[in-house]
Protein chains: 2
Amino acid sequence: MTLTTVSQNKSHGGVQGVYRHASQETKTEMTFSVFVPPHADGTKLPVVWYLSGLTCTHANVTEKGEFRAACAELGLVFVAPDTSPRGDGVPGDPNNAYDFGLGAGFYVDATQEPFAKNYRMWSYVTEELPSVVAANFPVDPRRQSVMGHSMGGHGALTVALRNPSRYRAASAFSPIVAPSQVPWGEKALGGYLGADKAAWRKHDAVALIEDGARVSDLLVDVGDADQFLVQQLRPELLKAACEKANIPLLLRKQEGYDHSYYFISTYMADHLRWHAARLGR
Amino acid sequence: MTLTTVSQNKSHGGVQGVYRHASQETKTEMTFSVFVPPHADGTKLPVVWYLSGLTCTHANVTEKGEFRAACAELGLVFVAPDTSPRGDGVPGDPNNAYDFGLGAGFYVDATQEPFAKNYRMWSYVTEELPSVVAANFPVDPRRQSVMGHSMGGHGALTVALRNPSRYRAASAFSPIVAPSQVPWGEKALGGYLGADKAAWRKHDAVALIEDGARVSDLLVDVGDADQFLVQQLRPELLKAACEKANIPLLLRKQEGYDHSYYFISTYMADHLRWHAARLGR
């Protein structure tokens, strides 16, 4: 498997890279970013996965996320995948909808046509890309964690709940916690997985918890000025599910903050410290 | 004078805003950004001016500069102007040249046609915009400082050298220190100010120092992997001029860093602490 280096820039003592490879899962070229902090030769570092939100690529968090200073201090590798397959022949024109198709893979393996061939973001972010990263970067696969924003917060929660032994920590900014119950999620899960809502439960954090999935604890930040809070995010549903399941959830409503990277960047270092503490740093 | 709010987002406890106003100097609408850190009502804060480089608008540093955490900690307002006038009828198509015209105002008041009417960035950043900012934000005009990158590093150095009592500190990332002696500067100063190089000396940091301008001290960071270091930036010329003039210059060559915001963001907090110490924070 060949990795193409798109760019590498020294930053905060480490290297911020952008890379491209031919994905077997999505049948497309996929681009992702990796920050490797300063480290001694031969050491293997914990790795934090960051799953992005609707319309994003790896670039949004890479440019605006303000994660490098904290990752350098804490010795964490930071990986940001894309949010969908892209390229000639991939269905899902973003000019038709920002919340379905390109830039909106929702971290599922689609079963519905015409999406099933390329939209395999679940397998891509949980299996293929971790293998690519482990083979090419100084990471310790036994020490992984996952965070995300909005649609990517949904991704982070579901990835962690279904793989609690693989991801030692999980957190989210402004996550979609119950996609089966909100418009963004109904559209995406219906479009990728079909009308049978039973198939949606494996991709719905609240439903997963109701069905018995467990993690050691969760950190979630939302802004109380987030325009999507009430209709799409609904953190109170996660709170209720975690209380019932005895999952310790630190849910913080941050006063005056919205859905943007101005919010994410404010609490990024906080989240990375939470992850580092659970990754043995 | 009316200020239009383009956007405001809470970030790092303060407010990151983008604003627009009709400039009397440039005869165009001008857009700029201001970060106001958390502060007690009624207090007036020191203000750091950030002058951007070729091709940039206010947005590059606002999104990628990683200045807000440090500004919030240190209690500094951070203002980022645009790099040129823009809009219908403004000459200087950037499709013809990235280093002259739109996005490349070089912080001079042009005397040559067709640029003299709009390209008045010197007066804009040293007179008009400071008045606009003082009238609309909680700043203390007696405590200002200036920094910049590349072309904006040139701007910061010349602004500080010609107004040492107004700007209490000056620093630069990857500055053009002697525009009269390098291709970018020769093109820009020739195009805006004409062929007579005597008129260029007021816009050349090294020439200003040779001609007697003084500041209390300077901080300059350059990356030793900067592709423009040898031909365009030439920090050794500033070093020689400062040594001869007994201006304390802290010039740091940062190993492995390039010309990008990945470099700037790495040392931004350092620079802000340098400014804060000289602004009475």
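Below is a table of values for the structure above.
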| quantity | calculated |
| --- | --- |
| The range A:243-259: number of residues that are surrounded by fewer than 22 Cβ atoms within 10 Å (Cβ to Cβ) and not in a strand (DSSP E or B) | 9 |
| Residue in the range B:116-127 that is part of a strand (DSSP E or B) and within 14 Å of chain A (Cβ to nearest Cβ) present | no |
| Hits in the range B:46-69 (condition: open to solvent by 10 Å² or more (accessible area, probe 1.4 Å) and either touching a Leu at 6+ places or on another chain (Cβ under 6 Å) or within 16 Å of B:PHE137 (Cβ to Cβ) (or both)) | B:HIS58 |
| The range B:8-40 - residue that is within 14 Å of chain A (Cβ to nearest Cβ) and over 15 Å from B:PHE137 (Cα atoms) and, of those, surrounded by the fewest Cβ atoms within 10 Å (Cβ to Cβ) | B:GLY13 |
| Filter result (in contact with a Phe, Trp or Tyr (Cβ under 8 Å, 6 or more places away or on another chain) and within 14 Å of chain A (Cβ to nearest Cβ)) within the range B:69-78 | B:CYS71, B:PHE78 |
| Answer residue from the range B:74-96, given it is touching a residue at least 24 places away in the same chain (Cβ under 8 Å) and out of contact with any Ser or Thr (no Cβ under 9 Å at 6 or more places or on another chain) and is least open to solvent (accessible area, probe 1.4 Å) among those | B:VAL77 |
| Cβ-Cβ under 6 Å pairs, at least 6 apart or on other chains, the range A:56-68 side under 15 Å from B:VAL61 (Cα atoms) and away from every other protein chain (no Cβ under 12 Å), far side buried (at least 24 other Cβ atoms within 10 Å of the Cβ) and basic (Lys, Arg) | none |
| Flag for A:SER171 being closer than 24 Å to A:VAL48 by Cβ, away from chain B (no Cβ under 14 Å), of a type outside the set (A, V, I, L, M, F, W, C) and under 16 Å from the mean Cα position of the chain (by Cα) | yes |
| Residues of the range B:79-89 that turn out to be assigned to a loop (DSSP other than H, G, I, E, B) and either at pLDDT 95 or above or within 14 Å of another protein chain (Cβ to nearest Cβ) (or both), as a count | 6 |
| Given (1) part of a loop (DSSP other than H, G, I, E, B); (2) at pLDDT 95 or above, index of the condition A:TYR98 fails | (2) |
| Restricting the range A:260-281 to residues that are small (Gly, Ala, Ser) and assigned to a loop (DSSP other than H, G, I, E, B), the residue that is surrounded by the most Cβ atoms within 10 Å (Cβ to Cβ) | A:SER260 |
| Some residue of the range B:103-120 being within 18 Å of B:SER33 (Cβ to Cβ), open to solvent by less than 30 Å² (accessible area, probe 1.4 Å) and out of contact with any Pro (no Cβ under 6 Å at 6 or more places or on another chain) | yes |
| One residue from B:TYR98, B:TYR50 being touching a Gly at 6+ places or on another chain (Cβ under 8 Å), of a type in the set (Phe, Trp, Tyr) and more than 14 Å from every other protein chain (Cβ to nearest Cβ) | B:TYR50 |
| Residue, nearest to the other protein chains (Cβ to nearest Cβ), within the range B:235-279, restricted to residues that are among the polar types (S, T, N, Q) and in contact with a His (Cβ under 9 Å, 6 or more places away or on another chain) | B:THR266 |
| Sole exception among (1) outside any strand (DSSP E or B); (2) in contact with a strand residue (DSSP E or B) (Cβ under 8 Å, 6 or more places away or on another chain); (3) over 30 Å from A:TYR98 (Cα atoms); (4) not aliphatic (A, V, I, L, M) for A:ARG143, by number | (1) |
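The values are calculated or read from the model by the stated rules, or taken from the named source; none is laboratory data. Keep in mind it's a predicted model, so treat the numbers as computed, not measured. Counting neighbours? That spans all protein chains shown, and the Cβs are built from the backbone with ideal geometry, glycine included. Accessible surface areas use protein heavy atoms only, side chains included; no ligands, DNA or RNA. Shrake-Rupley method; radii C 1.70, N 1.55, O 1.52, S 1.80 Å.
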